[in-house]
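As structure tokens, the structure follows; a few thoughts come after it.
The values are calculated or read from the model by the stated rules, or taken from the named source; none is laboratory data. Because the structure is a prediction, the values reported are computed rather than measured. Using ideal geometry, Cβ is built from the backbone for each residue, glycine included, and neighbour counts are taken over all protein chains shown.
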Amino acid sequence: MNTRRPVAATLAVAGYVIMIVPILFVVATSFTGGSTLRFPPEGLSLRWFDAAVHHTPFITAMVSSLQLAALATVLALLLGIPATLAIHRGRLPGKGLVEGLFLSPLIVPELVVGLALFQQLMIGLRLDNFTVLLIGHTVLMLPYAVRVTGASLALADPFVEEAARGLGASPLRTFFTVTLPLLRPGIFSAALLSFVTSFNNVPLSLLLQSRDFRTLPVTMLDYVQQSYDPMVAATSTIILAGTVLVAVVAERTVGFARIFGGINR
Amino acid sequence: MTVAAQFQQVTQRFGDFTAVDAIDLTIPAGKLTTLLGPSGCGKTTSLRMLAGYSTPTSGRILIDGVDSTRTPPERRGLGMVFQSYALFPHLTVAENVGYGLKLRKMPAAERTRVVAETLDLVGLGHLAGSRPKKLSGGQQQRVALARAIAIRPKLLLLDEPLSNLDARLRVHMRAELRRIQAETGLTVVLVTHDQDEALELSDQMVVMREGRILQQGAPIDVFPAPANRLVAEFLGYENFVTSADGTLRTVRPEHLQVLGQERRADGLTLEGVVVDVAFRGVDRLVTVDADDSLGRTVRLTADVRDGAVTARPGDRVVLGADQAHVVTLAG
């Protein structure tokens, strides 16, 4: 910590406290032996974890969430990577406009997007809610796919691809041996961000839910409204553990700074 | 003279801007040609057209006698060194150098040998396993050079290869480039804005400005006889004097002297008032307001040990240059 800047240091500590302490409360209460969501926990037990992993609606919703997040991430990258290349390397007229379009889901309120998709696709075209959710989540992920992969491309020397061509590589070969390897950290971080954002999304998933398909956060929200027991805290702890695991793996393999931002290379 | 490449009436326009204006240029094989000029003169555009990264608006480019105007870069077999070096950051030094060889399906054992030889040629054999970002600027530049040389290119193209190096290293690398060119016998085209670099390195120098070639030839022929004022200015001539009959003459600052009472110069004489004397280590730079009809400022350098130069601002002086040092310009 930088002791020569006490104000900044204090603010940083306050930031960590505000972000982390409430989460610690949830984790602590999930290990309670009692039957209410209360701090301090009454006794220590794993009974709520046992309940959580045997609670069918949660299991079903967890699988749904993972499926949706994985598919939306893949789709967003498949659309986003070519868009990034076109924006950064192509001779696209109105590049700024195109980039703005791909980034706009960050600004448009999700409820508006959700409502529009609900009206037009679910009611209008009678698409099933999984398809509509997949479309909605993909659209929400696009800014990450375009921005984060774009950041690693923008920082790369624009002449490396020309260098590869000059050495004898066809455009396709250049893409696979130079462009894609340069994009790899960006793609990895975009995938991670997209996946987490989709997995945690509430507004879209709430609007576009159905009895057959609903995501974990929506199911948990539903559950909390009816019963106030520590099973939700246990579920949250499980999700938190999974996220931390992903973060640790990411840090070990490519490094956090590189993943988030995809730029500090 | 064997011809390695030729520009025939090559023009490149970007919208309304004419970057290169109908140039004709012959690149002799086995020689080092420099394209010299200020930024925006069309030298880099010409190099990029030669490499195949941009297609001329009109005209033809021949490589080894074959019309290659529209041949994509990967089928030209040329080696290019970019100003930014453009090394592949995800590959090691050896993999960078071997990239072009791998594409040519050279067997692994032979490839390893050629990569090692080429790295030795540029003096980087010990860094084969390093990543480019761990290297200094000068080392990266050598890797870029080795990568381009390894494929035994028909032409080696260098875009301002030394401009990102510090002054001392730049001068050292000039000698290195000459050695490498001599050892490999490659045809080299080098783009630069540095006239000293061009003079020192070139077999043939091509002075460009505003998309046109102003003058070309061996440095030893071009330097003492610039074709016109623009070339002269670019080669460091100053002190342009128009005579009564309209001829334009020029003298470099180091060839203009402050004359004592007893001497007259046989080439050119001027009178004027000293406005500034600046000490520069090896010499003094004297700025004089000449009272010829054009009222121009002339500058001369005088050796610091030259006791005769005692001029101070405000003094009236007579300046002169010997005929051998006065260059008469066509326009």
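Structure notes:
- Only one of B:Ala308, B:Ala278 that is modelled with pLDDT under 80 and either in contact with a strand residue (DSSP E or B) (Cβ under 8 Å, 6 or more places away or on another chain) or assigned to a strand (DSSP E or B) (or both): B:Ala308
- Lone qualifier among B:Glu117, B:Glu200, B:Glu160, B:Glu183 - being of a type in the set (Asp, Glu), touching a residue at least 12 places away in the same chain (Cβ under 8 Å) and farther than 30 Å from B:Gly42 by Cβ: B:Glu183
- Some residue of the range B:151-172 being of a type in the set (D, E, K, R), assigned by TED's automatic domain parsing to the domain that holds B:Ser136, over 16 Å from the mean Cα position of the chain (by Cα) and on the phi > 0 side of the Ramachandran plot: yes
- Matching residues in the range A:205-242 - criterion: being in a loop (DSSP other than H, G, I, E, B) and closer than 29 Å to A:Leu121 by Cα: A:Leu208, A:Gln209, A:Ser210, A:Arg211, A:Asp212, A:Phe213, A:Arg214, A:Thr215
- Complete set of residues in the range A:81-133 that are over 20 Å from A:Gly150 (Cβ atoms) and either touching a Leu at 6+ places or on another chain (Cβ under 6 Å) or small (Gly, Ala, Ser) (or both): A:Glu110, A:Gly114, A:Ala116, A:Phe118, A:Leu121, A:Gly124, A:Leu127, A:Asn129, A:Val132, A:Leu133
- Residue in the range B:83-91 that is in contact with a Phe, Trp or Tyr (Cβ under 8 Å, 6 or more places away or on another chain), in a loop (DSSP other than H, G, I, E, B) and of a type in the set (Ser, Thr, Tyr) present: yes
- Helices (runs of 4 or more DSSP H) wholly inside the range A:100-185 that include at least 1 residues being over 27 Å from A:Val63 (Cα atoms) and within 14 Å of chain B (Cβ to nearest Cβ): A:129-155, A:160-166, A:171-174
- Conditions (1) out of contact with any strand residue (DSSP E or B) (no Cβ under 9 Å at 6 or more places or on another chain); (2) modelled with pLDDT of 95 or more: number failed by B:Ile27: (1)
- Tally of residues being loosely packed, with under 14 Cβ neighbours inside 10 Å and within 25 Å of B:Ala225 (Cα to Cα) across the range B:270-288: 0
- Among the candidates B:Ser84, B:Ser68, the residue that is small (Gly, Ala, Ser), closer than 17 Å to B:Leu47 by Cβ and more than 10 Å from chain A (Cβ to nearest Cβ) is uniquely B:Ser68.
- Yes/no for A:Phe213 being surrounded by fewer than 23 Cβ atoms within 10 Å (Cβ to Cβ) and out of contact with any strand residue (DSSP E or B) (no Cβ under 9 Å at 6 or more places or on another chain): yes
- Residue within the range A:108-122 that is aromatic (Phe, Trp, Tyr) and touching a Pro at 6+ places or on another chain (Cβ under 8 Å) present: no
- Output for the range B:19-55, where each listed residue is farther than 12 Å from B:Gln216 by Cβ and either part of a strand (DSSP E or B) or among the polar types (S, T, N, Q) (or both): B:Ala19, B:Val20, B:Asp21, B:Ala22, B:Leu32, B:Ser39, B:Thr44, B:Thr45, B:Ser46, B:Ser54, B:Thr55
- Candidate set from the range A:188-202 (those that are part of a helix (DSSP H, G or I) and surrounded by fewer than 20 Cβ atoms within 10 Å (Cβ to Cβ)); member that is farthest from the other protein chains (Cβ to nearest Cβ): A:Asn200
- Residue within the range A:62-72 that is at pLDDT 85 or above and under 25 Å from A:Leu182 (Cβ atoms) present: yes
- Residues of the range A:92-138 classified as more than 26 Å from A:Pro82 (Cα to Cα) and among the aromatic types (Phe, Trp, Tyr), total: 1
- For the range B:49-65, a residue qualifies if it is surrounded by fewer than 15 Cβ atoms within 10 Å (Cβ to Cβ) and within 14 Å of chain A (Cβ to nearest Cβ), and exactly one does: B:Thr55.
- Within the option set A:Leu79, A:Leu66, A:Leu37, being among the aliphatic types (A, V, I, L, M), part of a loop (DSSP other than H, G, I, E, B) and either closer than 24 Å to A:Ala191 by Cα or touching an Asp or Glu at 6+ places or on another chain (Cβ under 9 Å) (or both) holds for one residue only, A:Leu37.
- Of the helices (runs of 4 or more DSSP H) lying entirely inside the range B:146-249, those containing at least 3 residues that are of a type outside the set (Lys, Arg) and either within 14 Å of another protein chain (Cβ to nearest Cβ) or surrounded by fewer than 16 Cβ atoms within 10 Å (Cβ to Cβ) (or both) span B:167-184.
- Residue in the range B:102-111 that is surrounded by fewer than 14 Cβ atoms within 10 Å (Cβ to Cβ), more than 14 Å from chain A (Cβ to nearest Cβ) and either in contact with a Pro (Cβ under 7 Å, 6 or more places away or on another chain) or not small (Gly, Ala, Ser) (or both) present: yes
- Once the range B:30-48 is narrowed to residues that are surrounded by fewer than 22 Cβ atoms within 10 Å (Cβ to Cβ) and among the charged types (D, E, K, R), the residue that is nearest to the other protein chains (Cβ to nearest Cβ) is B:Arg48.
- Residue identified as closer than 16 Å to A:Ser236 by Cβ, in a helix (DSSP H, G or I) and hydroxyl-bearing (Ser, Thr, Tyr) among A:Thr29, A:Thr10: A:Thr29
- Of all positions in the range B:124-141, at least one carries a residue that is in contact with a Leu (Cβ under 7 Å, 6 or more places away or on another chain) and crowded, with 23+ Cβ neighbours inside 10 Å.
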